[in-house]
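Enquirer: Take a look at the following structure, please.
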Amino acid sequence: MTRAGRRPDRTERLVLPGVLTADQAARTVAGIAAVQREDGAIPWFRGHHLDPWDHVEAAMALDAAGEHDRAEAAYRWLADHQNPDGSWYAAYADGDAAEPTDRSRETNFVAYAAVGVWHHYLATGGDAFLDRMWPTVFAAVEFVLQLQQPGGQIGWKREDDGTDVTDALLTGCSSMHQALRCALAIAEHREEPQPDWELATGLLAHAIRKHPERFLDKSRYSMDWYYPVLGGALTGPAAKERIEEGWDDFVVPGLGVRCVLPNPWVTGGESCELALALWVMGESDRAMEILQWIQHLRAEDGLYWTGYVFEDDAIWPEELTAWTAGSLLLAVAALGGDEATTAVFSGERLPLGLDPDCC
């Protein structure tokens, strides 16, 4: 794996006034690269665990910064360590595949591989890469759809003993909606139609849009507020209405986005994801403002603190996570027009799935 250098020429696309200079972006990319293991795994930070979703998010950020070899190594790690049923475990100690610390298999974590694989293909044009990763994506999607319920929602996880947790999470299902559309894009590119996936995607989108009763009530969490927009299930006026409805509850002007109500805690990851959702809606000015606000979470090494408790004027927890930095770089890349990043988040060129005969 090549060493990530601080090369501003690679990060010019990540320059955003008041958010990142080219040198600052290069420092952030180098910070993520420093967390990555030689085998390609990207834990939250060294000594902490890896989860497959955040591993992919960090890999996507590396691609957005032009570190394609490092990103590909991250996807090879997924291919090399996929479970026989198509899943990955929820957590691995320091990214060591031989040391899973949570043997449940979360559907949202498993599905997100498809987003990263399609993003890497769009960033590099590597058909050979897509050929190698297709069996991995196929198996992952098939695992996820085993937990889809008749109402379209997808169960949260499969426990280590094989028990399916069929309760569905709106945030996770919204993320899986994006992932299934990326998986369909891969299948379409390979000219290998997957009609069952199209039906599943349409059912899931309908559940998100029309049937809140099919999901656990996690409305205290900001992710449940903006993820139906970020995942592409809600668009247009419906997206606008949802964001405006929760704005005053979750957004703390000048600081960022609360993770959960009523806690006085803003977090970098949620703030960057909301910025991405705003960009998806065409509200780049508000997105950029939020990214400017959270620069108070930036550390000297270019990484970002997970969150800030504003009533106590305290950083908490005291951890610099690769995925928080990754979410910032992806938001900046989208606002900057990076083609691969805009393609996977705007959804304009992603297959929609088939609408169900419901309601």
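The values are calculated or read from the model by the stated rules, or taken from the named source; none is laboratory data. Nothing here was measured: the structure is a model prediction, and the numbers come from that model. Backbone-built Cβ (ideal geometry, glycine too); neighbour counts: all protein chains shown.
Enquirer: Scanning segment 119-175 for residues that are within 19 Å of Pro193 (Cα to Cα) and touching a Gly at 6+ places or on another chain (Cβ under 7 Å), which turns out surrounded by the most Cβ atoms within 10 Å (Cβ to Cβ)?
Expert: Among those that are within 19 Å of Pro193 (Cα to Cα) and touching a Gly at 6+ places or on another chain (Cβ under 7 Å), it is Ala140.
Enquirer: Out of all the residues in segment 254-310, which are in contact with a Cys (Cβ under 9 Å, 6 or more places away or on another chain), small (Gly, Ala, Ser) and without any contact (Cβ under 8 Å) to a residue 40 or more places away in the chain?
Expert: The answer is none; no residue qualifies.
Enquirer: Quick check: is even one residue across segment 329-339 over 16 Å from Val15 (Cα atoms) and touching a residue at least 60 places away in the same chain (Cβ under 8 Å)?
Expert: Checked segment 329-339: no residue is over 16 Å from Val15 (Cα atoms) and touching a residue at least 60 places away in the same chain (Cβ under 8 Å).
Enquirer: Right, something else. Condition first: surrounded by 22 or more Cβ atoms within 10 Å (Cβ to Cβ) and in a loop (DSSP other than H, G, I, E, B). Now tell me which residues in segment 216-246 satisfy that.
Expert: Gly231, Gly232, Ala233, Leu234
Enquirer: Collect the residues in segment 1-20 that are assigned to a loop (DSSP other than H, G, I, E, B) and either at pLDDT 95 or above or not small (Gly, Ala, Ser) (or both), keeping them in residue-number order.
Expert: Passing the criteria: Met1, Thr2, Arg3, Arg6, Arg7, Thr11, Val15, Pro17, Val19.
Enquirer: Regarding segment 227-239, can at least one residue be identified that is of a type in the set (A, V, I, L, M, F, W, C), out of contact with any helix residue (DSSP H, G or I) (no Cβ under 6 Å at 6 or more places or on another chain) and closer than 22 Å to Ala334 by Cα?
Expert: Step one: list which residues in segment 227-239 are of a type in the set (A, V, I, L, M, F, W, C), which gives 229-230, 233-234, 238-239.
Add one more test, that the residue is out of contact with any helix residue (DSSP H, G or I) (no Cβ under 6 Å at 6 or more places or on another chain), and what stays is 238.
Retained after the next criterion (residues that are closer than 22 Å to Ala334 by Cα): 238.
Yes, some residue in segment 227-239 is of a type in the set (A, V, I, L, M, F, W, C), out of contact with any helix residue (DSSP H, G or I) (no Cβ under 6 Å at 6 or more places or on another chain) and closer than 22 Å to Ala334 by Cα.
Enquirer: Residue under question is Glu311, and the condition is that it be under 18 Å from Ala22 (Cα atoms), in a loop (DSSP other than H, G, I, E, B), out of contact with any helix residue (DSSP H, G or I) (no Cβ under 7 Å at 6 or more places or on another chain) and charged (D, E, K, R); does it hold?
Expert: Numbers: under 18 Å from Ala22 (Cα atoms): no; in a loop (DSSP other than H, G, I, E, B): yes; out of contact with any helix residue (DSSP H, G or I) (no Cβ under 7 Å at 6 or more places or on another chain): yes; charged (D, E, K, R): yes.
For Glu311, the condition - under 18 Å from Ala22 (Cα atoms), in a loop (DSSP other than H, G, I, E, B), out of contact with any helix residue (DSSP H, G or I) (no Cβ under 7 Å at 6 or more places or on another chain) and charged (D, E, K, R) - is not met.
Enquirer: Could you please let me know if Ala91 is of a type in the set (A, V, I, L, M, F, W, C), crowded, with 21+ Cβ neighbours inside 10 Å and at pLDDT 95 or above? So that I can check it myself, show each step before the final result.
Expert: On the way: of a type in the set (A, V, I, L, M, F, W, C): yes; crowded, with 21+ Cβ neighbours inside 10 Å: yes; at pLDDT 95 or above: yes.
Taking the combined requirement at face value, the residue satisfies it.
Enquirer: Sticking with this one: Note down all Cβ pairs under 7 Å where the first residue falls in segment 61-85 and is among the aromatic types (Phe, Trp, Tyr), the second is surrounded by 19 or more Cβ atoms within 10 Å (Cβ to Cβ) and assigned to a loop (DSSP other than H, G, I, E, B), and they're at least six residues apart or on different chains.
Expert: As it stands, the answer is Trp77/Gly40; Trp77/Ala41, since those pairs meet every condition given.
Enquirer: Right, another one. So, in segment 105-130, of the ones that are in contact (Cβ under 8 Å) with a residue 60 or more places away in the chain and outside any helix (DSSP H, G or I), which residue ends up farthest from Met176 (Cα to Cα)?
Expert: Initially, segment 105-130 is screened for residues in contact (Cβ under 8 Å) with a residue 60 or more places away in the chain, giving 106-108, 111-124, 130.
Next cut, outside any helix (DSSP H, G or I) only: 106, 112.
Details: Glu106: 11, Tyr112: 7 Å.
So, considering only residues that are in contact (Cβ under 8 Å) with a residue 60 or more places away in the chain and outside any helix (DSSP H, G or I), the one farthest from Met176 (Cα to Cα) is Glu106.
Enquirer: I've got another one for you. Mind checking whether some residue in segment 252-265 is in a loop (DSSP other than H, G, I, E, B), of a type in the set (Phe, Trp, Tyr) and over 15 Å from the mean Cα position of the chain (by Cα)? Explain how you work it out, then say what you get.
Expert: At the first step, the residues of segment 252-265 found to be in a loop (DSSP other than H, G, I, E, B) are 253-255, 259, 261-264.
With the extra rule that they be of a type in the set (Phe, Trp, Tyr), the set shrinks to none.
No: zero hits.
Enquirer: Show me the helices (runs of 4 or more DSSP H) entirely contained within segment 21-84 in which 3 or more residues are more than 23 Å from Gly172 (Cβ to Cβ), in contact with a Lys or Arg (Cβ under 7 Å, 6 or more places away or on another chain) and among the aliphatic types (A, V, I, L, M).
Expert: Numbers: elements: 22-35, 52-64, 68-80.
Result: 22-35.
Enquirer: Now a separate question. Starting from segment 187-210, keep only residues that are under 14 Å from Ile154 (Cα atoms) and among the aliphatic types (A, V, I, L, M), then list their pairs with residues that are modelled with pLDDT under 95 and surrounded by fewer than 20 Cβ atoms within 10 Å (Cβ to Cβ) whose Cβ atoms are within a distance under 6 Å, requiring at least 6 positions of separation or different chains.
Expert: Leu199/Leu354; Leu203/Pro356
Enquirer: So which residues in segment 94-104 are part of a loop (DSSP other than H, G, I, E, B) and either aliphatic (A, V, I, L, M) or surrounded by fewer than 18 Cβ atoms within 10 Å (Cβ to Cβ) (or both)?
Expert: Initial filter on segment 94-104 (part of a loop (DSSP other than H, G, I, E, B)): 94-99, 103-104.
Once the filter is applied, which keeps residues that are part of a loop (DSSP other than H, G, I, E, B) and either aliphatic (A, V, I, L, M) or surrounded by fewer than 18 Cβ atoms within 10 Å (Cβ to Cβ) (or both), segment 94-104 yields Asp94, Asp96, Ala97, Ala98, Glu99, Arg103.
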